[in-house]
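Written below as structure tokens is the structure these notes are about.
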Amino acid sequence: MSRIALLLFFAFQFSLSTFAQQGLDVNGVRDLTLDSLDRANQVRPVSGSSRRGNHPVLFLVGNSTMRNGTLGNGNNGQWGWGYFCHEWFDADRVTVENHALGGTSPRTFYRQLWPAVLKGIQPGDFVVLELGHNDNGPVDEGRARSSIKPALGHDSLLVTIKETGRQEVVYTFGGYIRRFVSEIREKGATPILLTLTPRNAYTDEARTVIDRKLTTFTPWIRALADELHTPLIDLNDLSATKLEKFGTWKADYHFFGDKIHSSAFGARMNAASFAEGLEQCTDPQVFALQQALRQDKLHPASLKTSAGSDADASKKKKSKRPTVFLTGDSTVKNNDSDEDGMWGWGAVAYEVFDSTRCTVVNAAKAGRSTRTFLEEGRWDAVYHSIEPGDYVLIQFGHNDIGPIDSQKERGTIASAADTCHVYKLQSNGQFRVIYSFGWYLKKFIGDVRERGGIPVLVSLTPRNEWPHGKIERRNDSYGRWYRQVVEETGVEFIDLHNLSADRLDKMGKEKAAAMFNHDHTHSSLAGARHTARCIAQGIKKNKSPLRRLLK
């Protein structure tokens, strides 16, 4: 981790510890006081309000791993998975309501929030219970959110809260879960128990095995599921298994600020794990909910099967041809139709790549930066399509410059360091963590390798600008950041920027103008062909394994 990233991390940790010492949550609000609950109830839905006709509602009950902080809006860089859960369900069959609140335990949720949630539950609904992270601390003072021991017992204890003098009957962890389940069933709905989201903690120094035993709640929840005959989804194991496959660099960015709370990446991962666990569940009680799952989210279609005859799956299986994925912006994919219009070099890729030896899939999109290519799901489509032995050419930069939180909102932090910042977007007022240009490149590179593919980093094309009689070069900015990423990752690098610039310099300004169309960035058809030849030149210069796929 870079020095800047470390400073940001420790500053955030300091702010968290300061809030904790003051009894505040990460938004600076006291958990579970009337102030906190009033603010939370302004953003949490009215129970059952999302219902469409006679369709069921999926109610989510949990803590900060499901809805982070009081507001749950990501203004601290942390997200709960409940915010994204609806993406895995067909809203015409079931609606999802996130009733979780950061800082709650089974005890505090049951006493303070559950009565309002229960009112909206109807026959045929489903209620997910993921509680336990905050079942700790004193029973009768401070946050007073712990249950009593033994965890699975049927005992109760009358306590007096020291600060207020209020009396409360406190049950065991199992006692609270039994009450939730009983009251859900009395409403004619189906309870679903979940084990807790995993922490970013390992059993070995090499950080290869996530520690699933940091909490004793998993065996307790399993025992309760058996006792109460409820469906069980082992969210802990499903997400931990993914984190182990990711490796430590990727696993780390699925958390934010500490080892428990999720970034948007981690929250989406946990939401996906819940949906996958639901799909795999054999308990007939969840059959109706399984029918509402979106199969396109659970099983994304491969780009290879939608790229035309050249990407026909049966042909590829028979010939075992590798796929070469192209990712990038308008310099890779543009209108690519009018001979006098604007072209990306990916449209003429088969002029240098041999179609009998490989399949080229041009996944690039005009106007995209590394950030927006990821945010729009375009990178995920590539990621899920990669098979071992495939190549992915990664070429970005033109659109990473510019405003981050205003105008087109596609800029990235101008650096190769592992750094990030929470920005509030002017377009919609939402909060988002934005990373550096180099960070996004490193993510793409790591993702390709995780899938067994071979990443190839390609520098951006030069612009038709001629300071001092030579075409402009960005070797002090993007060129430098590309090389820093190459040094850190060992990825193969085609320096298209300088290969192309060298050729254009030899042409001279007047002849080189024919390589561009409309402005100083976009290519003509001739310019696209020029760029494709530079790509081939770079592959040969590198003595790359890609050489065997060239004409």
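Observations
- Which listed residue, of Ala366, Ala416, is hydrophobic (A, V, I, L, M, F, W, C), in a loop (DSSP other than H, G, I, E, B) and either surrounded by fewer than 19 Cβ atoms within 10 Å (Cβ to Cβ) or free of Cβ contacts under 8 Å to residues at least 24 places away in the same chain (or both): Ala366
- Checking Phe444 against (1) open to solvent by less than 10 Å² (accessible area, probe 1.4 Å); (2) over 29 Å from the mean Cα position of the chain (by Cα), the condition it does not meet: (2)
- Looking across the range 95-124 at every residue that is in a helix (DSSP H, G or I) and open to solvent by 40 Å² or more (accessible area, probe 1.4 Å), the one that is nearest to Phe217 (Cα to Cα) is identified as Tyr110.
- Taken together, the residues in the range 377-413 that are among the polar types (S, T, N, Q) and either in a strand (DSSP E or B) or buried (at least 22 other Cβ atoms within 10 Å of the Cβ) (or both) amount to 4.
- Taken over the range 143-170, the criterion of being hydroxyl-bearing (Ser, Thr, Tyr), under 24 Å from Thr216 (Cα atoms) and either part of a loop (DSSP other than H, G, I, E, B) or open to solvent by less than 50 Å² (accessible area, probe 1.4 Å) (or both) is satisfied by Ser146, Ser147.
- Which numbered condition Val127 fails, given (1) under 18 Å from Leu196 (Cα atoms); (2) assigned to a helix (DSSP H, G or I): (2)
- With respect to the conditions (1) touching a residue at least 60 places away in the same chain (Cβ under 8 Å); (2) open to solvent by 20 Å² or more (accessible area, probe 1.4 Å); (3) closer than 23 Å to His254 by Cα; (4) not in a loop (DSSP other than H, G, I, E, B), Gly82 falls short on a single one, namely (2).
- Helices (runs of 4 or more DSSP H) enclosed by the range 193-292 - at least 2 residues per element that are of a type in the set (A, V, I, L, M): 217-228, 235-246, 264-280, 287-290
Condition check ((1) within 36 Å of the chain's Cα centre (by Cα); (2) open to solvent by 20 Å² or more (accessible area, probe 1.4 Å); (3) free of Cβ contacts under 8 Å to residues at least 40 places away in the same chain; (4) closer than 24 Å to Gly346 by Cα) across all residues:
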{"site": "Lys470", "(1), (2), (3), (4)": "no, yes, yes, no"}
{"site": "Ser477", "(1), (2), (3), (4)": "yes, yes, no, no"}
{"site": "His497", "(1), (2), (3), (4)": "yes, no, yes, yes"}
{"site": "Leu504", "(1), (2), (3), (4)": "no, no, no, yes"}
{"site": "Ala513", "(1), (2), (3), (4)": "no, yes, no, yes"}
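- Residue in the range 306-339 that is surrounded by the fewest Cβ atoms within 10 Å (Cβ to Cβ), counting only those that are of a type in the set (Gly, Ala, Ser), closer than 18 Å to Glu351 by Cβ and at pLDDT 95 or above: Ser337
- In the range 171-199, the residue that is surrounded by the fewest Cβ atoms within 10 Å (Cβ to Cβ) out of those that are under 22 Å from Leu278 (Cβ atoms) and touching a His at 6+ places or on another chain (Cβ under 9 Å) is Leu196.
- Scanning the range 210-230 for residues that are of a type in the set (A, V, I, L, M) and open to solvent by less than 60 Å² (accessible area, probe 1.4 Å) yields Ile210, Ile221, Ala223, Leu224, Ala225, Leu228.
- Taking residues in the range 31-58 that are closer than 16 Å to Thr70 by Cα and open to solvent by 40 Å² or more (accessible area, probe 1.4 Å), and partners anywhere that are assigned to a loop (DSSP other than H, G, I, E, B) and modelled with pLDDT of 65 or more, the pairs with Cβ atoms closer than 6 Å and at least 6 places apart or on different chains are Arg39/Thr70; Val43/Leu71.
The values are calculated or read from the model by the stated rules, or taken from the named source; none is laboratory data. Model, not experiment: these values are computed from the prediction. Glycine gets a Cβ as well: all are built from the backbone with ideal geometry, and neighbour counts include every protein chain shown. What goes into the accessible areas is simple: the full protein's heavy atoms, side chains included, and nothing from ligands, DNA or RNA. Shrake-Rupley method; radii C 1.70, N 1.55, O 1.52, S 1.80 Å.
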